[in-house]
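What follows is a single structure, written as structure tokens, with notes after it.
No value in this document is a laboratory result; all are computed from the given coordinates. Computed from a predicted structure; not experimentally measured. Glycine also receives a Cβ, built like all others from the backbone with ideal geometry; neighbour counts cover every protein chain displayed.
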Amino acid sequence: MAHFPQHPGFTSVLRLVRLEGDIRDLEIEGEVPADLDGAFYRVHPDPQFPPRFADDQFFNGDGMVSMFRFKDGKVDFRQRYAQTDKWKVERAAGKALFGAYRNPLTDDDSVKGMARGTANTNVLVHAGKLFAMKEDSPCLIMDANTLETEGYTDFDGELPISAFTAHPKIDPGTGNFCGFGYSLAGPLTRECCYFEIDPTGKVVRKAEFLAPYYTMLHDFCIAGDYAVFNVSPWSSDMSVLEQNRPHFYYDRELPFYLGVMRRDGDGSDMRWFRQDPSICGCHVMNAFQDGTKILFDVPVSQTGSLPFFPEKDGRPFDPVAATTYLSRITVDLAANTDTIQSIERIGQAPGEFPRIDDRQCGQPYRHGWTITYDFDKPYSGPAGPFVGVINSLTHYDHQTGKEQSWWCGPDSAMQEPAFVPRGKGSAEGDGWLLALVDNHLTNYSDLCLFDALNVASGPVARIKLPVRLRQGLHGNWVSAAKLAA
Ligand code: V55
Ligand code: FE
């Protein structure tokens, strides 16, 4: 009998789902446009077996991938585990063999040296396959239609790296998948690489660089001809692994950096611009070139925004200092300095999980969306991690400076949105936004469809699941044309 830890990381609002299956033609409230043809994929952590350590991190759960296939005004649902090497050996053993999050010292001897990945962070279709990604391990390939796992890939030997980012960017000009890897020389190391994979799956660019210190290099962005890396002071050391404490700590003594390098170089031109005292910035909304400047938009907080990664000096989590506000960081490549030029708040509503119309990635842009925290709204569902404040969806218009928000109601919490263009040639922002809304009283999730430029008026359709999905991380829309290519 599976016996999972009886604490808020596994019970109530974070109760596991572990459900694989198919539902044809979901119930829909409202109307899904008949010409919406494509699929929305997203992933959440969902441990297959009780963890070896009861205090296991949310980030350590096996990836459960969901697919919502839209066609002719109908939506089919499919959900499968990402069958990583870890998932397979644990399935065969009937129990967990891998230990704590990012800590190979805690693994069973039988799995020493194996990839520890859970493929639980992001899913995206490229070169005809679904890439299921976790930043500590290679890229897992799944069939984009059946969700059957094919296995890890090194891209025909061209990318023999131990770690492949979960936050790629697609260059709208070339269609290249732009990504990176970090901690490539083993646990706690600074070795990183940058690469691009073209739309046929061929690796066309590779560069190497060193991070300024060992850090969780979680996200990045392209900005025209440049790749830009945001380094926040999440770090770790051997004593953490030996004592099996949470893998990352937040070290306020370390500066924040933006690293800027040419995408067509070998990495040797990397310039690190610093901000001291540091700040914390995790998920990037977008970045672009403006003359000799790089503008980089990211929700920023004054200290670490993830409560389960503690402050290094032991001080308690400070929820006010940890609140993230969309900010614009500017560096000037023409300036003879290694400091960041400015950090300016450009969003009023606090939030995270920023998204854009991905056709503007790395380019000047107008529209962005995040999940926002409306602290004034009531919450009457069960208590637990993530719920209570992850309650709104906000549209930011960077041209007018206006914001509009929709509140998901007193029983629910929101998951990350994804933008769907209305059509091939439609203007930036003209289209829909998809976001899961989890009702923690009824225990149902609705995939909500919004008019992207008018989110305040609420969903135009609710695609209804008969279950509640677990809080997830990231996902993406793919058009039927790209799915077929
Ligand atoms: C993040 C998520 C992860 C991870 C490292 O949001 C960073 C940040 C779901 O796993 O392993
Ligand atoms: Fe992320």
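What the table shows:
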item: DSSP-loop trypsin sites (Lys or Arg not before Pro) across the stretch 319-405, with at most 10 other Cβ within 10 angstrom; result: Lys402
item: HN-Hα J in Hz across the stretch 49-61 - Karplus 6.51, -1.76, 1.60, θ = phi - 60°, x for Gly and Pro; result: 10, x, x, 5, 10, 4, 8, 3, 6, 3, 5, 9, x
item: Volume per residue of the C-alpha convex hull in the stretch 57-98, rounded to whole Å³; result: 84 Å³
item: Tail weight of P(r) past 15 Å, computed on alpha-carbon pairs of the stretch 1-80, percent; result: 62 percent
item: Percent of alpha-carbon pairs separated by more than 13 Å within the stretch 76-118; result: 53 percent
item: Qualifying GluC sites (Glu not before Pro) for the stretch 19-120 [loop in DSSP, other Cβ within 10 Å: at most 16]; result: Glu20, Glu31
item: The stretch 357-485 pair-distance distribution - Cα-Cα, 5 Å bins, rounded %; result: 2, 11, 19, 23, 19, 13, 8, 4, 1, 0
item: Stokes-Einstein D for the chain, Kirkwood Rh over Cα pairs, 10 °C, 1.306 mPa s (µm²/s); result: 70 µm²/s
item: Part-to-part distance (alpha-carbon centres) for the stretch 39-57 and the stretch 418-455, which is given in Å; result: 25 Å
item: Cα point-scatterer Debye curve for the stretch 146-204, base-10 log of I(q)/I(0) at q = 0.26 Å⁻¹; result: -1.14
item: Relative contact order [Cα under 8 Å, 6+ residues apart], the stretch 48-140, whole percent; result: 26 percent
item: Radius ratio Rg over Rh of the stretch 89-243, counting only Cα atoms, Kirkwood formula for Rh; result: 0.97
item: Dipole of the chain, positive direction: furthest Cα of Val420, Gln399, Gly259, with charges on the beta-carbon; result: Val420
item: Size-normalised alpha-carbon gyration radius of the stretch 260-327, reference 2.2 N^0.38 Å; result: 1.38
item: Residue order, fewest to most surrounding Cβ atoms within 10 angstrom, among Arg245, Arg470; result: Arg245, Arg470
item: Charge dipole magnitude, Cβ of K and R +1, D and E -1 - the stretch 14-68, Cα centre, debye nearest 20; result: 400 debye
item: Total charge dipole magnitude, the chain, about the Cα centre, Cβ charges on Lys, Arg, Asp, Glu only, Debye to nearest 20; result: 460 debye
item: ³J(HN,Hα), Karplus 6.51/-1.76/1.60, whole Hz, each residue of the stretch 179-194, x for Gly, Pro; result: x, 7, x, 9, 6, 6, 9, x, x, 6, 8, 9, 5, 9, 9, 10
item: Within the stretch 328-422: Cβ-based charge dipole about Cα centre, in debye rounded to nearest 20 (Lys, Arg +1; Asp, Glu -1); result: 240 debye
item: Entries of Lys95/Lys312; Lys402/Lys464; Lys169/Lys424; Lys74/Lys202; Lys112/Lys312; Lys169/Lys377 with Cα pairs more than 26 Å apart; result: Lys95/Lys312; Lys402/Lys464; Lys74/Lys202; Lys112/Lys312; Lys169/Lys377
item: For the chain: relative contact order, % (alpha-carbon pairs under 8 angstrom, 6 or more apart); result: 13 percent
item: Inter-label distance for Arg315 and His3, nm, one decimal - labels placed 7 Å from Cα along Cα-to-Cβ; result: 4.1 nm
item: Rg over Rh, two decimals, the stretch 1-148 (C-alpha only, Kirkwood Rh); result: 1.02
item: MRE, 222 nm, helices only [DSSP H, n ≥ 4, -39500 (n - 2.57), over the chain, to nearest 500]; result: -1000 deg cm²/dmol
item: Cα-Cα P(r), the stretch 247-374, percent of pairs per 5 Å interval; result: 2, 10, 18, 21, 19, 16, 9, 4, 1
